[in-house]
Amino acid sequence: MQLKDEIDFIELLKNPIRLFGLTYIYFLTVAGFLGAYYLWNMNDVSKNGTAPFIIKDSTQFIQDIPMQRGALIPPVNVVEVGTTSKALVDKGANLYKANCASCHGDNGMGDGPSGASMAVKPRNFHSAEGWKNGRKISNMYKTLQEGIVLNGMQSFNYLPAEDRFAIIHFVRTFAADYPLDSLSELMDLEKVYNLSKGSQLPPQIPVRLAMMKIEQESLGDSVYVAGVNKSITGSKQETLGGMLAGRLCVNSTKIAAALNSVNNKNVDEFIRIVSIDPVTLGFKSEVTRLSREEWNALFSYLSQISKKI
């Protein structure tokens, strides 16, 4: 085959299959443009096409249970307190200002100063939309009794039942279209909450405070155990009780914990407790073979250490 310096287009037309060689140039050109486009937009390759949004649950505050005193909730006649009266409305107005206005606003528009920091906007009592439990008296009582945790609405079960009904009657003055309850719906409240019998509200403290108290008590026990441990292992064994402790005490930390549990008990109780399972309490098993005199000496020695701490 003879090589030619120039392309013979007439010969090329006679043999058109040779034109397919030009497709390589085409594909190389396209690939080059695609590669350049990719490199030019590399920073945007991993860009999220979905607009960012806040998941609803992530906006919720972890609300601790409130501090409350134990109280006797007096009984009420649900039919009487479920009926609107001027006395109940007037009473409810004062209770509303003290308990509700900070979130729901003085006029019930949901614009109270405390509500501004809440994830869920407080209820606007003038609007009929979006009520979780409903707008009837029985529904509103359920809300005050149980609260709505996800919306930040706390329970007001520490208020007397009559006070809660009074608040409800006042709230219902904000709009004229609140639905009425049937007698059976009011009596259902009686069945669920035993309003005619009253109730005993137990005292409660916030979980954080309870954890702090447990931590403080545990810290006190730890200090006590460490003190007993140091006294047993670091003191000179000059008395009979001290020598017995040095010979029979295997784990002074366990013994300190045992002493803490038998504190202020007599020697007979000490003998009984230790003899049941001496190894678990940190003694050697041979402690059970001590004479009465030796038991008295050991108990006296350990009790003196315990009282010094």
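The values are calculated or read from the model by the stated rules, or taken from the named source; none is laboratory data. It should be emphasised that the depicted structure is a prediction, and the values quoted were computed from it without experimental measurement. Glycine gets a Cβ as well: all are built from the backbone with ideal geometry, and neighbour counts include every protein chain shown.
Return the residue satisfying two criteria in turn: it lies in the stretch 280-300 and is assigned to a loop (DSSP other than H, G, I, E, B) and touching a helix residue (DSSP H, G or I) at 6+ places or on another chain (Cβ under 6 Å), and of such residues it is modelled with the highest pLDDT. Quick ask: steps written out before the conclusion?
Going residue by residue through the stretch 280-300, those that are assigned to a loop (DSSP other than H, G, I, E, B) are 280-282, 284, 290-291.
Next cut, touching a helix residue (DSSP H, G or I) at 6+ places or on another chain (Cβ under 6 Å) only: 281-282, 284.
Numbers: Leu281: 85, Gly282: 86, Lys284: 90.
Among them, the one singled out is Lys284.
Quick one: Asn124 ticks every box in (1) without any contact (Cβ under 8 Å) to a residue 40 or more places away in the chain; (2) exposed (fewer than 15 other Cβ atoms within 10 Å of the Cβ); (3) not in a helix (DSSP H, G or I) except a single one, so which number is it?
Single failed check for Asn124: (2).
Read through the list (1) farther than 18 Å from Gly242 by Cβ; (2) within 43 Å of the chain's Cα centre (by Cα), then give the number of the only condition that Lys307 fails.
For Lys307, the exception is condition (1).
More than 21 Å from Glu185 (Cα to Cα), in contact (Cβ under 8 Å) with a residue 60 or more places away in the chain and touching a helix residue (DSSP H, G or I) at 6+ places or on another chain (Cβ under 9 Å): is that true of Gly108 in this structure? Before you say what the answer is, go through the steps one by one.
Working: more than 21 Å from Glu185 (Cα to Cα): yes; in contact (Cβ under 8 Å) with a residue 60 or more places away in the chain: yes; touching a helix residue (DSSP H, G or I) at 6+ places or on another chain (Cβ under 9 Å): yes.
Against the criterion (more than 21 Å from Glu185 (Cα to Cα), in contact (Cβ under 8 Å) with a residue 60 or more places away in the chain and touching a helix residue (DSSP H, G or I) at 6+ places or on another chain (Cβ under 9 Å)), Gly108 qualifies.
Quick check on this structure: which one of Lys86, Lys136 is farther than 27 Å from Gln204 by Cα, touching a Leu at 6+ places or on another chain (Cβ under 8 Å) and charged (D, E, K, R)? Show your work before the answer.
Numbers: Lys86 fails: touching a Leu at 6+ places or on another chain (Cβ under 8 Å).
Checking each option against the conditions leaves just Lys136.
For residues that are in a loop (DSSP other than H, G, I, E, B) and of a type in the set (Phe, Trp, Tyr), scanning just the stretch 148-202, find the one that is nearest to Pro122 (Cα to Cα). Even if it seems obvious, please write down each step before you answer.
The initial filter retains those residues of the stretch 148-202 that are in a loop (DSSP other than H, G, I, E, B), namely 152, 154-160, 175-182, 194-198, 202.
With of a type in the set (Phe, Trp, Tyr) added as a condition, the list becomes 156, 158, 178.
Details: Phe156: 15, Tyr158: 21, Tyr178: 18 Å.
So, considering only residues that are in a loop (DSSP other than H, G, I, E, B) and of a type in the set (Phe, Trp, Tyr), the one nearest to Pro122 (Cα to Cα) is Phe156.
So which helices (runs of 4 or more DSSP H) are wholly in the stretch 18-120 and hold at least 3 residues that are out of contact with any Ser or Thr (no Cβ under 9 Å at 6 or more places or on another chain), loosely packed, with under 12 Cβ neighbours inside 10 Å and at pLDDT below 80?
Values: elements: 22-40, 78-81, 86-99, 101-104.
Hits in the stretch 18-120: 22-40.
Could you tell me which of the residues Ser184, Ser196 is at pLDDT 90 or above and touching a Pro at 6+ places or on another chain (Cβ under 9 Å)?
On the way: Ser184 fails: touching a Pro at 6+ places or on another chain (Cβ under 9 Å).
Just a single option satisfies the conditions, and that option is Ser196.
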